[in-house]
Amino acid sequence: MDVQVIVDFKNKIINNLKQVIIGKDHVLDLVVMALISNGHILIEDVPGTGKTILARSLAKSMGGKFSRIQFTPDMLPSDVTGVSVYNQSTKEFEFRPGPILANIVLADEINRATPKTQSALLEAMEEKQVTVDGTAHMLPEIFLVAATQNPIEYEGTFPLPEAQLDRFFVRIRIGYPNSQSEKNIIRSQQFSHPIMKISKVADVDELIEAQREIHHIHVSDKIEQYIVDIIQKTRFHEDIYLGASPRGSLALFRLGQCAAAFDGRDFVIPEDIRKIAPPALSHRIILQASAKMQELDTEEMIEDILKAVPVPGG
């Protein structure tokens, strides 16, 4: 295996994204980790923090086909998946693909669509296919949904169902920039938006190679058990109504491999798992009503679980 292949790919993408997303290196790391892990990304934050710009910049940095879906309350599932249209000349129905059939799909403000339309993404995100009128249509080998959503307290939003949240590899919160970063953002947009300078720096073949190499990062039995112990703790915590699913275990496993490779190692250590656990698991758990009344946060809950689970070799 060659860890340097992964490091080189990561550096090319992140250095390109830094032209637009300023002062958020940890966010960019998570985005590229999800990309290499072949997982979908949910970017959640208040309006104006750069959610859409981040997803657009990622698409411009990569080769392949990009499409954008602007979700609205009046959208129909067929607006996402595509529709069969009768061709009078051939006397047959023809499939006209929707925007979901692309390599990188920006699902902008996904929680402004109704649950019926949101559900149109479920099959695509899990099985990499869409079914229209009983016929399955396969999606590309490289398929990533980068979805953005506003907090559910905002007007005109519909909460994403648990089944769909669980299909996102990571949930990322960009957050407000600090004082110096905000000043740099103002300066960077004095004459034009920096996204105009973003160009393609990697192609699909390079991504596929990085995805193949990540599988060879060594994960010991003790680290595997550590992952399982964390997941099990979410399922039997007194403040958690619904714990993380086996998808959560797989996300911790694969993202841990990415974290190790990003540090130039070919083996995973406990710190890799601890670092990526909150963004990988916080959207996969549901708190008890009593915990919500105490205004407990799911990310804080994951941090508490990490403190409670013994660290291998600790």
Discussion item. Modelled with pLDDT under 90, out of contact with any strand residue (DSSP E or B) (no Cβ under 8 Å at 6 or more places or on another chain) and of a type in the set (D, E, K, R): which single residue out of E162, E155, E123 fits that description?
Written reply: E155
Item to complete: Identify the single condition in (1) under 26 Å from P177 (Cβ atoms); (2) in contact with a strand residue (DSSP E or B) (Cβ under 7 Å, 6 or more places away or on another chain); (3) of a type outside the set (S, T, N, Q); (4) surrounded by 18 or more Cβ atoms within 10 Å (Cβ to Cβ) that R68 does not satisfy, given that it satisfies every other one.
Response: (4)
Discussion item. Six or more apart or on different chains, Cβ atoms under 7 Å: show the pairs whose first residue is in region 168-185 and in contact (Cβ under 8 Å) with a residue 24 or more places away in the chain and farther than 22 Å from L106 by Cα and whose second is of a type in the set (V, I, T) and surrounded by 18 or more Cβ atoms within 10 Å (Cβ to Cβ).
Written reply: P177/I22; S181/I22; N184/I22; I185/I22
Worksheet item: Quick one: is A251 assigned by TED's automatic domain parsing to the domain that holds P312, in contact with a Ser or Thr (Cβ under 9 Å, 6 or more places away or on another chain) and among the small types (G, A, S)?
Response: yes
Worksheet item: Within region 288-298, can you find the residues that are farther than 16 Å from S245 by Cβ and either assigned by TED's automatic domain parsing to the domain that holds E162 or surrounded by 15 or more Cβ atoms within 10 Å (Cβ to Cβ) (or both)?
Response: Q288, A291, L296
Practice prompt. Would you be able to tell me the number of residues in region 169-208 that are assigned to a helix (DSSP H, G or I), loosely packed, with under 15 Cβ neighbours inside 10 Å and under 20 Å from the mean Cα position of the chain (by Cα)?
Written response: 1
Practice prompt. Could you figure out which of (1) without any contact (Cβ under 8 Å) to a residue 60 or more places away in the chain; (2) in contact with a helix residue (DSSP H, G or I) (Cβ under 9 Å, 6 or more places away or on another chain); (3) not in a loop (DSSP other than H, G, I, E, B) isn't true of P159?
Written response: (3)
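Being assigned to a helix (DSSP H, G or I), in contact with a helix residue (DSSP H, G or I) (Cβ under 6 Å, 6 or more places away or on another chain) and closer than 19 Å to M138 by Cα: is that true of V32 here?
It is false that V32 is assigned to a helix (DSSP H, G or I), in contact with a helix residue (DSSP H, G or I) (Cβ under 6 Å, 6 or more places away or on another chain) and closer than 19 Å to M138 by Cα.
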Response to the item:
Quick count over region 115-129, residues being surrounded by 15 or more Cβ atoms within 10 Å (Cβ to Cβ) and among the basic types (K, R), is 0
Fill in: Flag for A280 being in contact with a Leu (Cβ under 9 Å, 6 or more places away or on another chain), aliphatic (A, V, I, L, M) and within 29 Å of I21 (Cβ to Cβ)
yes
Worksheet item: (1) under 25 Å from K10 (Cβ atoms); (2) aliphatic (A, V, I, L, M); (3) free of Cβ contacts under 8 Å to residues at least 40 places away in the same chain: which one isn't true of M293, the others all being true?
Response: (1)
Fill in: Extreme residue, farthest from the chain's Cα centre (by Cα), among residues of region 101-146 that are farther than 26 Å from R212 by Cβ and of a type in the set (D, E, K, R)
D133
Worksheet item: For region 90-100, how many residues meet the condition of being within 19 Å of the chain's Cα centre (by Cα) and either buried (at least 20 other Cβ atoms within 10 Å of the Cβ) or among the aromatic types (F, W, Y) (or both)?
Response: 1
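Kindly indicate which of Y241, Y226 is touching a residue at least 40 places away in the same chain (Cβ under 8 Å), not assigned by TED's automatic domain parsing to the domain that holds F143 and not in a helix (DSSP H, G or I).
Y241
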Response to the item:
Every listed condition ((1) surrounded by 19 or more Cβ atoms within 10 Å (Cβ to Cβ); (2) assigned to a strand (DSSP E or B)) holds for Q164 save (2)
Practice prompt. Quick one: in region 15-28, of everything that is over 12 Å from L58 (Cα atoms) and not aliphatic (A, V, I, L, M), which residue is surrounded by the most Cβ atoms within 10 Å (Cβ to Cβ)?
Written response: K24
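The values are calculated or read from the model by the stated rules, or taken from the named source; none is laboratory data. Predicted model only: the values in this text are computed from it and were never measured. Counting neighbours? That spans all protein chains shown, and the Cβs are built from the backbone with ideal geometry, glycine included.
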